[in-house]
Number of protein chains: 2
Amino acid sequence: MPEQDITTDFLKRLLANDDDQLAEERLAEIHPSTLAPLLADLGAAEIQRLIDLLFVRHRAAAMLAHLPPELMPQILEDIPDQRIADVLARLEIDDMLLLVEHLPSNRREIVEELLPPSQRRDLMRAELYPPDSAGRAMVTHFIALHQEMTAQEAIDAIRLEGDSDDGGLHLYVVDEGRRLLGVVHVRKLVSAPPETPVGGLMVPELVSISSEADQEEAAQLVARYDLLALPVTDPDDRMVGIITVDDVIDVINEEATEDIYHLAGLSDSDRVYTSARVSINKRLPWMLVNLGTAFTAASVVGFYESTLDQLVSLAIFLPVVAGVGGNGGIQTLTVITRSIALGEIEFSSGLRAVGKELWVGLVIGSVAGILAGLVAYLWQGNPILGLVLLLAMMITMTVASLLGAAIPLMLKSLGQDPALGAGVLLTFCTDALGFFSFLGIATLLLEHLL
Amino acid sequence: MPEQDITTDFLKRLLANDDDQLAEERLAEIHPSTLAPLLADLGAAEIQRLIDLLFVRHRAAAMLAHLPPELMPQILEDIPDQRIADVLARLEIDDMLLLVEHLPSNRREIVEELLPPSQRRDLMRAELYPPDSAGRAMVTHFIALHQEMTAQEAIDAIRLEGDSDDGGLHLYVVDEGRRLLGVVHVRKLVSAPPETPVGGLMVPELVSISSEADQEEAAQLVARYDLLALPVTDPDDRMVGIITVDDVIDVINEEATEDIYHLAGLSDSDRVYTSARVSINKRLPWMLVNLGTAFTAASVVGFYESTLDQLVSLAIFLPVVAGVGGNGGIQTLTVITRSIALGEIEFSSGLRAVGKELWVGLVIGSVAGILAGLVAYLWQGNPILGLVLLLAMMITMTVASLLGAAIPLMLKSLGQDPALGAGVLLTFCTDALGFFSFLGIATLLLEHLL
């Protein structure tokens, strides 16, 4: 059955079927990632039955790990504590953390108590790493070899790994202190005579990341060096885990969403499937900030009310100056924010980028200003009005470009998220400056304008 | 030497050194992806020398494949035709295509003539796939096994693969017609007795993609099913290549940039290192479109000039209505565009999402409207003015949310990029509607306002 034909209705019919074995079999044919988003529309009883059926064939854990994060709290609510603990016990540590993070704190304690002691300890250790760190994104499950082992011994170690999906791909060579020495490609192992020492087949591994570093940095390293897995080391330089490329893809998608969202003043957890109530709660505070800045900018207009009173047609052009300036600023902000996210820019190249954007803003502001000025002149038959519009647009666009480049770089150098709040701050500046420059120049030239 | 200490200055000093062997050795220690962005600041002679030095140690191809796309045309200009052909001959087909695409068409022909015949043929075949298709992103280099081969024969096949970096990880089982049957994990091969037939070790492979499909779809499949490589099939269902996960990461980053850029009305090739001249050329057309829509929206204000003339303080609130409405619309647009990019939304769930966003817009518009109305009333001492602002903001926000959800879904169902132009169109609608609703209602209630 093609995966796109698997709808919520199909799933509901399957769950309504009394024949457990048939239902188990059909469910086992469906990939966990196809099932996960369908849970949004199931009732509590249906969710429980689904988890029970999947659990028999060891598929419940994978399915829950594939749930969109915004669905997790609601779905977990419908599953009994013991069943959650059973499922957690079958997950890799990174997915375990992901699920536990979506439990309310009192329930989290109860569920953790129900875990087998060794896994409870693993989980508590993992929770010590900072949020969004490499330590939280890693799995602690990898094959460590020693230089003096033979190729045959290494192959035996792979065999012992057993059932793990990724096992056998990432073979690391460490010294007695568990410090990372290098990596051995599995192809080299099978091609070499069985008694060859692993040390001779190893390539020195230069790229690794500290467990305390941000997971975004890990993703940049994997993307940059085309790795299938990135070794993670603790502060004593001992290798403690690996971040696998499939998790890196999730991090990259997550961070891209964060960037796009922050530019629009949205909270990360406000997704397409988030309930309207939650979306409203997340967006209202930003909307109030936005309203506050909009009124502050509007007060600039209020300050020049007497100028407007004498020449009311000025009001027509206020939104043009502010809108076009804001647009130019957002373009610059987007280019710089994205280049920071992709790790393309450092402080030194950042200064050059500010210079470039300033120049681009000046040129585009001049061209747009000349055109807008001409249109205003022809429309209102007033050449001085055209001149006022030209000057205001040049000033606004140039400053907008400067700020669009400088704000994210400053936020970044302060250790803040470069996109968070930048859009709101920028729009406020361009609005206020647009109104101030246009009405201010108009007031200075008022006698020529009338 | 830590990679972050490798600056353009260091590279320039290294290239100025006459000792070729020393320079070659030092360069060989630096990862190609670290070198690539530094080329932006080198002169033509330096670039030629660098390529020559790298070429000796087979590193020039990897370095050029890691160049940021916006630097490629400029760097390739400085390298002689024959050297480019030599470098191309050492690249996988996907990277070969990437480089060739950045050559001007007349030069492209000359360079292709210089390639060895078999590679020229490969390149011409790859160029038949549509731009941004899975066929263009794939490598044709993978290990195909047959069911009746033994595990030992399969291991011998891996050994024959020789030098390729990825070789040996992706083992596919095909029938006589080269149709994909399944995949064998290398761990299974080494663990099994040497005479076991491959057919018994194979897992049926259900996920593959057509060579004509969009590369973004390929990236979604790899992300969804946690694959290390995705098989690509031709229209006759024969396996013709694989897309590897490192290329998928590039595609994901590229597509995320495209989304963020299109929301801001930016062209993909307008990057932080793009020259100011190119950036200006790319942004000017959008700026003119923006200017056109801004003037059109402003003409709505012009239409109500006599109302403004009678109550000039209305002008203060115009940007508030338009700005807050535009902001709300962009938030909805961002949520929906991102969910389309991540493959989270289909047409049926799309309609539900429109309904949700409409409701969110109405609630937030009402809250923001009540607050804004109160502020306007207290500021101007005019309760009717507050009412006008409340009504205008409710209408604008609700319609803005509806459009923010509907525009990308409509563009998507028409086969267009959901983000391209959506921001400009939306801002125009919210501006025009904001002005029209606010001034229209004010005109209707004018006698109570004065």
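The values are calculated or read from the model by the stated rules, or taken from the named source; none is laboratory data. Quick caveat: nothing in here was measured; it's all calculated off a predicted structure. Quick reminder, even Gly has a Cβ in these numbers, built from the backbone with ideal geometry, and neighbours come from all protein chains shown.
Observations, loosely collected:
- Checked across region A:296-310, the condition of being buried (at least 24 other Cβ atoms within 10 Å of the Cβ), within 19 Å of B:Ala322 (Cβ to Cβ) and either within 33 Å of the chain's Cα centre (by Cα) or more than 9 Å from chain B (Cβ to nearest Cβ) (or both) holds for at least one residue.
- The requirement of being in contact (Cβ under 8 Å) with a residue 24 or more places away in the chain and under 19 Å from the mean Cα position of the chain (by Cα) is not satisfied by B:Ser279.
- Qualifying residue in region B:297-309 (condition: touching an Asp or Glu at 6+ places or on another chain (Cβ under 9 Å), of a type in the set (Ser, Thr, Tyr) and either without any contact (Cβ under 8 Å) to a residue 60 or more places away in the chain or closer than 16 Å to B:Gly434 by Cα (or both)): no
- Scanning region B:195-246 for residues that are away from chain A (no Cβ under 14 Å), crowded, with 17+ Cβ neighbours inside 10 Å and not β-branched (Val, Ile, Thr) returns B:Met202, B:Ser211, B:Asp214, B:Gln215, B:Pro231, B:Met239, B:Gly241.
- Selection of first residues in region A:21-48 that are over 13 Å from A:Ile75 (Cβ atoms) and of second residues that are surrounded by fewer than 18 Cβ atoms within 10 Å (Cβ to Cβ) and charged (D, E, K, R), restricted to Cβ pairs under 8 Å at least 6 apart or on distinct chains, gives the following pairs, ordered by first then second residue: A:Glu24/A:Arg57; A:Leu27/A:Arg57; A:Ala28/A:Arg57; A:Ile30/A:Glu3; A:His31/A:Glu3; A:Thr34/A:Glu3.
- Among the residues making up region B:4-28, those that are over 31 Å from the mean Cα position of the chain (by Cα) and outside any helix (DSSP H, G or I) are B:Asn17, B:Asp18, B:Asp19.
- Qualifying residue in region B:356-368 (condition: in a helix (DSSP H, G or I) and hydroxyl-bearing (Ser, Thr, Tyr)): yes
- Selection within region A:343-352 - surrounded by fewer than 22 Cβ atoms within 10 Å (Cβ to Cβ) and facing another protein chain (nearest Cβ under 8 Å): A:Glu344, A:Ser349
- Residues that are more than 9 Å from chain A (Cβ to nearest Cβ) and out of contact with any Ser or Thr (no Cβ under 9 Å at 6 or more places or on another chain) occur in region B:311-334; there is at least one.
- A:Leu103 vs. criteria in contact (Cβ under 8 Å) with a residue 24 or more places away in the chain, part of a helix (DSSP H, G or I), more than 14 Å from chain B (Cβ to nearest Cβ) and out of contact with any strand residue (DSSP E or B) (no Cβ under 6 Å at 6 or more places or on another chain): no
Quick grid of which residues meet (1) part of a helix (DSSP H, G or I); (2) at pLDDT 90 or above; (3) surrounded by 15 or more Cβ atoms within 10 Å (Cβ to Cβ); (4) among the polar types (S, T, N, Q):
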position	(1), (2), (3), (4)
A:Val111	yes, yes, yes, no
A:Gln119	yes, no, yes, yes
A:Leu128	no, yes, no, no
A:Pro131	no, no, no, no
A:His141	no, no, yes, no
A:Ala157	yes, no, yes, no
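- Taking region B:316-346 as the range and being not aliphatic (A, V, I, L, M) and not in a helix (DSSP H, G or I) as the test, the residues that pass are B:Gly343, B:Glu344, B:Glu346.
- Criterion violated by A:Ile260 - all others in (1) within 7 Å of chain B (Cβ to nearest Cβ); (2) at pLDDT below 85; (3) under 12 Å from the mean Cα position of the chain (by Cα) satisfied: (2)
- Single condition B:Val367 does not satisfy, out of (1) farther than 25 Å from A:Val320 by Cβ; (2) surrounded by 24 or more Cβ atoms within 10 Å (Cβ to Cβ); (3) free of Cβ contacts under 8 Å to residues at least 60 places away in the same chain: (2)
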